[in-house]
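S.K.: Okay, here's the structure, questions in a sec.
The values are calculated or read from the model by the stated rules, or taken from the named source; none is laboratory data. Small disclaimer: the values here were computed from a predicted structure and weren't measured. Neighbour counts are summed over all protein chains in view; Cβ atoms, including those assigned to glycine, are modelled from backbone coordinates with ideal geometry. What goes into the accessible areas is simple: the full protein's heavy atoms, side chains included, and nothing from ligands, DNA or RNA. Shrake-Rupley method; radii C 1.70, N 1.55, O 1.52, S 1.80 Å.
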Amino acid sequence: MTAYAMNGAGNAFIVIDRRLAAGPSAYSEQDIAAMLAVHAFDQLIVLDPSDDADADLRVWNSDGGEVGACGNGTRAAAWLLFEDGAKPHLRFTSAGGLMSAQRLASGAAEVDLGPARLDWRQIPLSLPMDTVRLDFGVNLPGGGRLEGPGAVSMGNPHVVFAVEDLVRLPITEIGPDIEHDPLFPERVNSGFAQVRDRDDIRLKVFERGAGLTLACGTGACAALVALHRQGLVDREALIEADGGKLPVRWDSEGHVHLSGPVVLERELDLRGV
Ligand SMILES: N[C@H](CCC[C@H](N)C(=O)O)C(=O)O
């Protein structure tokens, strides 16, 4: 079975299309994830047959945990299918809900990741709380404290802190404490956003199950929604991650749309998988 090493704005993936394999694979996805652990990637994306959509899209973090959504991974998989001649509008079922992708005139794939989920139960949180600004914070090693992040689910849990200066923020030190805080029963992805203008955001994300990545698609979507709810940005913005720029918009029906760069790095031959 062929696997594709790809990245979306530097967010690194292995993509496997199992709809083509004759019969069920002899290996579970966990087996595949373990096999692929020798390849540096942030998430494994597996496309399986779906009764209700063009594919069922499943996501595993590099720590082996299966999760509900991956924005950049969905973009990468959709782009691959478009390049392979698929029709220009695709639908995916996933654990995080229904998603769709359309091929833009530029050839890029824009994904609709579904509605932003904003109730504390949907994030989820372990306590009832206003998700516009959580009653939650984290002490910084060099002194000071980050407080009042917004909380959003895009089919996976996110908190987003608005910060003044991203450069000196010790993200790899505070990220694990946030990820494993008991307020987040399913752990959490944490975003740190510097608002440069109402449509211009610089973002870094410490991802649940993957750590600090070069970009995070659902994190970019969560940042736009959380910062808009705090009155800091409009409903459309360019999100600059370390690995590239992600255009994001939150439409009037509450759905969040994400596009951006994709690179097919190489094919991997997973013999026998
Ligand atoms: N680490 C995330 C999954 C991947 C998200 C990210 N790579 C994206 O592009 O959305 C989680 O555990 O919910």
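S.K.: Build a GNM of the chain with springs between Cα atoms under 10 Å: which of ASP17, ASP51, ASP63 gets the top mean-square fluctuation?
M.R.: Among ASP17, ASP51, ASP63, the largest GNM mean-square fluctuation belongs to ASP51.
S.K.: Given 20 °C and 1.002 mPa s, how large is the Stokes-Einstein diffusion coefficient of region 127-273 in µm²/s, with Rh as the Kirkwood radius over Cα pairs? Write out the running numbers ahead of the final one.
M.R.: Values: Rh = 15.8 Å.
After rounding, the answer is 136 µm²/s.
S.K.: Could you look at region 137-253 and say what percent of its accessible area is carbon and sulfur, using a 1.4 Å probe and all protein chains?
M.R.: On the way: 2100 of 4620 Å².
Carbon and sulfur: 45 percent of the exposed surface of region 137-253.
S.K.: How large is the dipole of region 137-253 about the Cα centre if only Lys and Arg carry +1 and Asp and Glu carry -1, each at its Cβ, rounded to the nearest 20 debye?
M.R.: With only Lys, Arg, Asp and Glu charged at Cβ, the dipole is about 40 debye.
S.K.: Here is a further query. Just to be sure I understand: with springs between alpha-carbon atoms less than 10 Å apart, which residue in VAL256, VAL138, VAL248 has the highest mean-square fluctuation in the Gaussian network model of the chain?
M.R.: Of VAL256, VAL138, VAL248, the Gaussian network model singles out VAL138 as fluctuating most.
S.K.: Grab every C-alpha pair in region 156-229, bin the distances at 5 angstrom width from 0 up to the longest one, and report whole percents.
M.R.: Going from the shortest bin to the longest, the percentages are 3, 18, 31, 26, 16, 6, 1.
S.K.: Just need the Rg to Rh number for the chain, please, alpha carbons only, Kirkwood Rh.
M.R.: 0.96
S.K.: Related question: Nearest 5 percent is fine: what portion of the DSSP beta bridges confined to region 137-253 is antiparallel?
M.R.: 75
S.K.: Which value, in debye to the nearest 20, gives the size of the charge dipole of the chain about its Cα centre, when Lys and Arg are +1 and Asp and Glu are -1 at the Cβ?
M.R.: Approximately 220 debye in magnitude.
S.K.: Residues of the chain: accessible area per residue at 1.4 Å, in Å²? Intermediate values should be presented prior to the final figure.
M.R.: Details: 11360 Å² over 273 residues.
Per-residue accessible area for the chain comes out at 42 Å².
S.K.: Counting pairs of alpha carbon atoms under 8 Å apart in space and at least six apart in sequence, what relative contact order in percent does region 137-253 give?
M.R.: Once normalised by length, the contact order is 22 percent.
S.K.: Separate question: Could you check the spin-label model distance between ASP135 and GLU173? Points 7 Å from the Cα along Cα→Cβ, value in nm.
M.R.: 2.9
S.K.: Each label point is 7 Å from the Cα along the Cα-to-Cβ direction; what then is the distance between the points at ASP52 and LEU212, in nm?
M.R.: In this crude spin-label approximation the distance works out to 3.9 nm.
S.K.: Using 1/(1 + (r/R0)^6) with R0 = 30 angstrom and r between the beta carbons of ASP181 and GLN30, what's the FRET efficiency to the nearest 0.05?
M.R.: On the way: r = 26 Å, r/R0 = 0.88.
With a Förster radius of 30 Å, E is 0.70.
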